[in-house]
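One structure is given here, and the rest of the page talks about it.
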Amino acid sequence: MFYGPGVLAMLYANGKGVSRNYEVAIHLACENPWAAEAEMAYRVGHLERLRDNPSQAAAFDLCDDITSGLSDGFCTIIGTDRADAVRDAKIAATVETLTPAAKNLLPALRGVETAFEEARVQNEVDLTGTSQAAFQLEDEAFLREQFLINLTRFGKDDIPPAVESDIAELERKLNDS
């Protein structure tokens, strides 16, 4: 989807590096073999609306008109990659504020976090249907965002103290479920 005709359709529709040309963008969009029939109809209609209303022209993206699980997966990959880059920068900034001892523990913590994310998305996310990859990526992104929140709170020493009775109660609840 994001190669050849699809990318060229976005370039022509948005006038990026070439003159804006909706007719060429529509033609190229129609050459995309990955698009589902409904997706193609939405996409062409979207491009026609942009062409017919130049004062309301907005950026065109193939992901604006997806209907298939395959396209959902591609578009989710792009979105999560962008979010991961922003999140990684925030994590790096937070790590700079940690004590040397905490920094030494971080590689092990990240390893455990990654293993947890992988186990969760493989075993607790519905993997039926064509959007399964998108569902996994979205859940993984949620967990990574929570990791950042927790790390930031830890770095600011903004964590509630845990007492033995709380830990025992949480362990009991975990084992009961």
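The values are calculated or read from the model by the stated rules, or taken from the named source; none is laboratory data. This structure is a prediction, so every number in the text was calculated from the model and none was measured. All Cβ positions, glycine included, derive from the backbone under ideal geometry; neighbour counts span all protein chains shown.
Could you tell me whether any residue of the range 94-106 is in contact with a Ser or Thr (Cβ under 9 Å, 6 or more places away or on another chain), of a type in the set (Asp, Glu) and modelled with pLDDT under 95?
Within the range 94-106 (the criterion being in contact with a Ser or Thr (Cβ under 9 Å, 6 or more places away or on another chain), of a type in the set (Asp, Glu) and modelled with pLDDT under 95), the answer is no, since none of the residues qualifies.
Among the listed residues Lys103, Lys173, which satisfies the condition of being basic (Lys, Arg), farther than 23 Å from Cys75 by Cβ and assigned by TED's automatic domain parsing to the domain that holds Gly79?
Matching residue, one of Lys103, Lys173: Lys103.
Just to verify a result, which residue in the range 125-155, among those that are free of Cβ contacts under 8 Å to residues at least 12 places away in the same chain and either outside any loop (DSSP other than H, G, I, E, B) or not hydrophobic (A, V, I, L, M, F, W, C) (or both), is farthest from Arg87 (Cα to Cα)?
Initially, the range 125-155 is screened for residues free of Cβ contacts under 8 Å to residues at least 12 places away in the same chain, giving 126-128, 135, 142, 146, 149-150, 153.
Next, from what is left, pick out any that are either outside any loop (DSSP other than H, G, I, E, B) or not hydrophobic (A, V, I, L, M, F, W, C) (or both): 126, 128, 135, 142, 146, 149-150, 153.
Working: Asp126: 25, Thr128: 29, Phe135: 19, Phe142: 11, Gln146: 10, Ile149: 10, Asn150: 13, Arg153: 15 Å.
My answer is Thr128.
For the range 34-81, give me each residue that is assigned to a loop (DSSP other than H, G, I, E, B), at pLDDT 85 or above and of a type in the set (A, V, I, L, M).
Correct list: Ala59, Ile66.
How many of the residues making up the range 116-171 are surrounded by 10 or more Cβ atoms within 10 Å (Cβ to Cβ), more than 30 Å from Glu96 (Cβ to Cβ) and of a type in the set (Ser, Thr, Tyr)?
Adding up the residues that qualify gives 2.
I need the full set of residues from the range 1-42 which are without any contact (Cβ under 8 Å) to a residue 24 or more places away in the chain, surrounded by 16 or more Cβ atoms within 10 Å (Cβ to Cβ) and closer than 17 Å to Leu70 by Cβ, in order please.
Met40, the sole residue that qualifies.
Working carefully through the options Leu109, Leu127, find the one that is modelled with pLDDT of 90 or more, out of contact with any Cys (no Cβ under 9 Å at 6 or more places or on another chain) and not assigned by TED's automatic domain parsing to the domain that holds Arg43.
Leu109
When the range 75-107 is examined, which residues are found to be farther than 30 Å from Asp65 by Cβ, among the polar types (S, T, N, Q) and touching a residue at least 12 places away in the same chain (Cβ under 8 Å)?
The answer is Thr94, Thr97.
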